[in-house]
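The structure appears right after this line, and notes come after that.
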Number of protein chains: 2
Amino acid sequence: MVEPLNIALAGLGTVGTGVVRLIETNAELIARRARRPIRIAAVSARDRTKDRGVDLSRYDWEDDPAALAARSDVDVVVEMVGGSDGPALALARGAIGKGKGLVTANKAMIAHHGLELASAAEKAGVALKFEAAVAGGIPVIKGLSEGAAANAIERVYGILNGTCNYILSTMEDTGRDFGDVLAEAQRMGYAEADPTFDVEGIDAAHKLSILAAIAFGSRLRFDAVETTGISRVKAADIEQARSLGYVIRLLGMSEIDRTDGTARLFQRVHPHLVPFDHPLAHVDGATNAVVAEGNFMGRLLFQGAGAGDGPTASAVVADIIDIARGEKGAAFSMPEGELEAMEPAETGHRRSRSYIRFAVPDRPGVLAEITAAMRDAGVSIASMIQKGEDAQTGEVILAMVTHEGPESAVTEALRILDGSQSLAVRPLVMQIIEG
Amino acid sequence: MVEPLNIALAGLGTVGTGVVRLIETNAELIARRARRPIRIAAVSARDRTKDRGVDLSRYDWEDDPAALAARSDVDVVVEMVGGSDGPALALARGAIGKGKGLVTANKAMIAHHGLELASAAEKAGVALKFEAAVAGGIPVIKGLSEGAAANAIERVYGILNGTCNYILSTMEDTGRDFGDVLAEAQRMGYAEADPTFDVEGIDAAHKLSILAAIAFGSRLRFDAVETTGISRVKAADIEQARSLGYVIRLLGMSEIDRTDGTARLFQRVHPHLVPFDHPLAHVDGATNAVVAEGNFMGRLLFQGAGAGDGPTASAVVADIIDIARGEKGAAFSMPEGELEAMEPAETGHRRSRSYIRFAVPDRPGVLAEITAAMRDAGVSIASMIQKGEDAQTGEVILAMVTHEGPESAVTEALRILDGSQSLAVRPLVMQIIEG
C-alpha cells in the first residue's frame with residue numbers, strides 16, 4: 001500500500017465538517033483518483049464538545065490550531081478558521097513555515113495576504129491552494145490557472161456572491177424590495193446577521209482580486225477594487241431594467257486597461273445590467289458563475305454552487321487530491337516574483353452604456369434640469385422611462401439608458417446635479433454589459 | 001535559463017496551424033506560466049508546399065510523422081492528424097513507445113484506443129493528454145478529472161457537437177427545416193461535406209464515451225453508446241416543443257445505473273427536450289456545454305467554444321503547459337487498471353417523460369388507434385398537440401408528451417403501432433430532461 005497523504009483540519013464549521021463527511025463518504029473513490037488514501041490525522045476547533053453531526057473521536061484533537069502545523073505526522077494543513085488575519089493567518093504562516101502544504105477556503109486571507117503566503121510557500125517548496133476561496137464548488141481557479149493557461153486573458157467577470165444573487169433574483173421574481181428580501185434571506189440562513197460583507201460587495205471584491213491576479217498574472221490588489229453593493233437597488237430598478245431587456249446582477253469585473261500604453265488593472269464590483277441573451281442573465285438564486293475571455297479560447301463560462309458545505313468541501317478536497325497526486329502548481333499560476341505590478345486603471349475613459357436612475361420630487365422643471373446637466377456633460381440619452389409616484393415616498397422614478405460614451409461624462413453630469421433640489425436621493429448608476 | 005519543453009507537431013490543418021500561431025503569439029506569457037519556454041522542434045504534414053498562413057520555415061520539417069517520434073530532441077508529440085486509426089494511431093503508439101509524452105485532439109482515436117494508449121503511457125511513464133478531444137476550448141476533462149475529483153459523479157451530460165447545436169438553434173430561430181439549414185451550414189463551412197459524423201451523433205458519442213470514463217472511473221465503452229442524430233427532427237417538432245416550454249438539443253447523456261445492484265453504464269446521444277429554465281436551453285450556435293452532477297459539488301456547468309482553431313489550440317497548449325509544469329496526471333483521472341469494467345445499462349426501466357411525434361395521414365380513426373396503443377402499453381399522456389396538415393406532404397403532425405414512466409412502455413406502444421397504416425413515417429421519441 002502506498003503511503004497516505006496525512007492532513008489536519010483547522011476549523012470545524014459547516015465547511016470543515018463537510019470536508020470530514022466528504023473524505024469519509026468518498027474515501028475509496030478518492031484513493032483511486034489520488035493514487036493514495038487521504039488520512040485525517042488531526043482536527044482542531046474552538047469547542048470540542050459541540051455536536052457537529054460527524055464522529056470526530058477517531059481523529060486526534062488539538063485545542064490550539066497552531067499545534068496542527070507542528071505535528072510531524074501531518075503533510076498538509078487545511079485552514080477553515082476564517083478571518084483575514086488572526087488565528088487563520090498565524091496558522092497559514094506556521095504551516096508553511098514548518099514545510100506543510102496549505103489548503104484554505106479563506107478568500108479574505110488570500111485577498112489580503114495571498115502574495116506573502118505564495119512567496120513563503122515557494123521558498124518552502126510546498127503547495128498553497130485555495131480553490132474553495134472563489135465561487136465555492138466551481139473549479140474556476142484551476143480553470144483559469146491551468147485550463148486557460150495558454151491564453152492572454154482579456155477580461156474576467158462574474159457572479160461571485162450567492163447571497164446578493166439570491167436577493168436580486170428573488171426581488172426580480174417577487175417584485176419585493178431589497179430590505180424585505182434581505183430580512184427573509186437572513187431568517188432562512190442565506191444571509192448573515194451582519195450582511196455587510198455580502199451585500200456591500202466586499203466578499204465579491206475579495207474573490208475578484210484573486211481571480212484577476214491569476215487571470216492577468218498581475219500582483220494581487222484587493223485595495224484597488226472599486227466596490228459598490230446592492231443595497232441601493234430598488235424593486236423599481238429591476239422593473240425598469242426588465243422593460244428594457246435586462247436583469248440586474250452584482251458582477252465583479254476585471255480587465256487590463258492599456259489606454260495609455262501601460263498595463264493598468266481595472267477591478268470593479270458593482271451591480272450591472274445584463275441583457276437577457278447573456279448567459280449570466282440566467283444565473284439565479286445562490287448560483288455563482290465566472291466568465292473568462294481569452295485571446296484564443298474565446299469566452300468560457302463556469303457555473304455552479306457558489307457556497308454551501310458540500311460544494312465548498314468538494315473544492316477543498318480537490319486541492320488536497322492535487323497535492324496527493326504530486327501536483328503542486330503555483331498559487332497564482334506563475335511564481336509570485338513573476339506577477340506584474342500594475343497600477344489601478346482610471347475608469348473615467350472607459351466607454352460603456354449606463355443606466356441612471358433618479359428618484360425625484362414630482363414638480364415642474366426637474367426633468368429639464370436633469371436633461372440639461374446630461375447635455376452639458378456630453379451624455380447622450382438613448383431611452384428614458386418615467387414611472388408614477390411612489391405611494392410611500394412621493395418620489396417619481398426616472399430611469400435612463402445612455403448611448404455608449406465615457407463614464408467620466410456620466411460622472412460629470414451627476415457632479416453638475418450634486419446638491420440640486422431636484423434630487424431626492426443620490427442617483428444610482430449601473431453599467432450595461434454587452435451580450 | 002531553464003530547459004525548454006521541446007514539442008513536435010503532426011498535422012497542420014486548422015488546429016495544427018492554430019497551435020503554431022498560439023505558441024508564437026503567447027510565447028512570453030506561456031513561458032511565465034509554464035516556468036519554461038515551449039519550443040517547437042519539428043513539424044510534419046502531408047503537403048510541405050501548402051500556404052498555411054504561418055511561417056513554418058523556422059521549424060524542422062519531417063515528411064513522415066512517424067519520424068517525429070524518433071527524434072531525440074523531442075519531449076512531446078502533438079498528434080493532430082485525425083482519424084481513429086491509421087497514421088494517427090501509429091504515431092501515438094510510436095511516440096509513447098519512444099518515451100515521449102503525447103497530446104492529441106483526436107476524439108475518435110481516444111474513443112477507440114484510449115485505454116490501450118493510457119496503459120502504454122503509464123508503462124512508459126509519460127503523459128497522455130487529450131483536453132482538446134472533448135468540447136474544444138472548454139477545459140472539461142481537467143474540470144472532471146481534477147476539479148471534480150473529490151466527487152462521486154452521478155451524471156454527466158451536455159451539448160457536445162457544435163454543428164448539431166448550430167443547426168438546431170438556427171432551425172429554432174428561423175423556423176426552417178433540417179435539410180435546408182444543413183445545406184446552409186455546409187455552404188458556410190460550419191458542417192462538413194459529409195456531415196454524417198456530426199449530424200448522426202457519432203462525434204458526440206466519441207466525446208461522451210471519453211467523459212463517462214473520466215467521470216465514473218469506468219472502462220471506456222464507445223461501442224455501447226446508443227446513438228441517434230438530429231436528421232429526423234422537423235421544424236414542427238421545434239415549434240411544438242417551444243409551445244410546451246422546451247427547446248430541442250442534441251445531448252450526450254451518461255450515468256451509472258444501479259437498479260439491479262450492479263453498476264451499469266448508461267450512455268446515450270439523442271435529441272432531448274430541454275426546459276427553458278435549464279442552463280442548456282440557452283446554449284446556442286456552435287457553443288458546447290457540459291453539466292456534471294456530483295454527490296458533494298452539486299451541479300457544475302462548463303460552457304464555451306466547442307470547436308474552431310483558436311479554442312482547440314487553447315486546449316492543446318493547456319495540455320502542453322501541464323506537461324511542462326511536470327503535471328502528468330492519469331489519462332482517465334485514475335490508472336487504467338483501476339477503471340471499472342461495466343456492462344451497458346438496460347434502458348427500458350429508465351423513467352422519464354417523453355415527447356413522441358407522429359406524422360399521420362389526415363383520416364378518421366388514426367388518433368383512436370394511437371391512443372389505444374398508448375393505453376395498452378400503459379403510457380399515460382400528459383398533453384397532446386395536433387397540428388394542421390403539412391402543405392407538401394399532406395401529413396398531420398401529432399405531438400404528445402407523456403407522464404413520467406418507464407421508457408419500455410413507450411417502446412411497447414410503438415411496437416404495437418409498428419406497420420400500422422396510420423403512421424406515415426416512423427414516430428420520433430425524445431426524452432425530456434428536468435430543470
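None of the figures in this text is laboratory data; all of them are computed from the coordinates on show. Everything quoted here is computed from the prediction, not taken from an experiment. Please note: Cβ atoms are built from the backbone with ideal geometry, for glycine as well, and neighbour counts cover all protein chains shown.
Before moving on, here are some points about what is shown:
- Hydrodynamic radius of chain B per Kirkwood, over alpha carbon pairs, in Å: 23.1 Å
- Positive-end residue of B:44, B:111, B:288, charge dipole of chain B with Cβ unit charges: B:44
- Working from Cα pairs under 8 Å separated by at least six residues, relative contact order for the stretch A:104-261 is 30 percent.
- Top of A:405, A:86, A:137 by mean-square fluctuation, Gaussian network on chain A, Cα under 10 Å: A:86
- Assigned charges on the beta-carbon of Lys, Arg, Asp, Glu; chain B dipole about Cα centre (debye): 800 debye
- Computed per residue of chain A from DSSP H runs no shorter than four, each worth -39500 (n - 2.57), the mean residue ellipticity at 222 nm is -10000 deg cm²/dmol.
- Within a straight-line Cα-Cα reach of under 17 Å, residue A:98 can be paired with the following lysines, leaving aside sequence neighbours fewer than 8 residues apart in one chain: A:123, A:129, A:328.
- DSSP-loop GluC sites (Glu not before Pro) across the stretch A:260-366, with at most 15 other Cβ within 10 angstrom: A:346
- Calculated log₁₀ intensity ratio I(q)/I(0) where the Debye formula runs over C-alpha points of the stretch A:5-133, q = 0.11, 0.20 Å⁻¹: -0.34, -1.16
- Considered as an equivalent ellipsoid built on the Cα gyration tensor, the protein assembly as shown has semi-axes of 41, 39, 30 Å, the largest given first.
- Candidates A:268, A:363, A:325: whichever shows maximal mean-square fluctuation once chain A is modelled as a Gaussian network with Cα springs under 10 Å: A:363
- Relative contact order for the stretch A:351-432: 50 percent, from Cα pairs under 8 Å spaced at least 6 residues apart, divided by residue count.
- Degrees separating the helix A:162-174 axis from the principal Cα axis of chain A, which is the longest one: 40 degrees
- Candidates B:429, B:271, B:216 compared by Cα position along the dipole of chain B: farthest toward the positive end lies B:216, with charges placed on Cβ.
- The stretch B:37-108 versus the stretch A:75-121: alpha-carbon centroid distance in Å: 43 Å
- Among the listed pairs A:100/B:142; A:142/A:234; A:107/B:207, those beyond 30 Å (Cα-Cα): A:142/A:234; A:107/B:207
- Helix B:86-97 axis, angle to chain B major axis (alpha carbon atoms, nearest 10°): 50 degrees
- Placed amide H near residue A:340: partners under 5 Å, 5+ positions off or other chain: A:218, A:219
- Build a GNM of chain A with springs between Cα atoms under 10 Å apart, and of A:312, A:371, A:402 the one that fluctuates most is A:371.
- In plain terms, if you count all Cα to Cα distances in the stretch B:238-298 and split them into 5 Å steps from zero, the share in each step is 4, 15, 19, 22, 18, 12, 8, 3, 0 percent.
- Percent of alpha-carbon pairs separated by more than 19 Å within the stretch B:140-305: 54 percent
- Ratio Rg/Rh, restricted to the stretch A:175-226 and using Cα atoms, in which Rh is the Kirkwood radius: 1.16
- The stretch A:319-393 versus the stretch A:197-259: alpha-carbon centroid distance in Å: 7 Å
- For chain A, the longest principal axis of the C-alpha atoms and the axis of helix A:178-187 are separated by about 20°.
- The fraction of Cα-Cα pairs per 5 angstrom bin, counted from 0 for the stretch B:252-398, comes to 2, 6, 9, 12, 14, 14, 13, 10, 7, 5, 4, 3, 1, 0, 0 percent, rounded to whole percents.
- Calculated P(r) of the stretch B:109-178 - Cα pairs past 15 Å, %: 69 percent
- Rh (Kirkwood; distinct C-alpha pairs) - the stretch A:1-68, Å: 12.5 Å
- Size of the stretch B:351-432: Rg and Dmax of its alpha carbons, in Å, are 12.0, 36.
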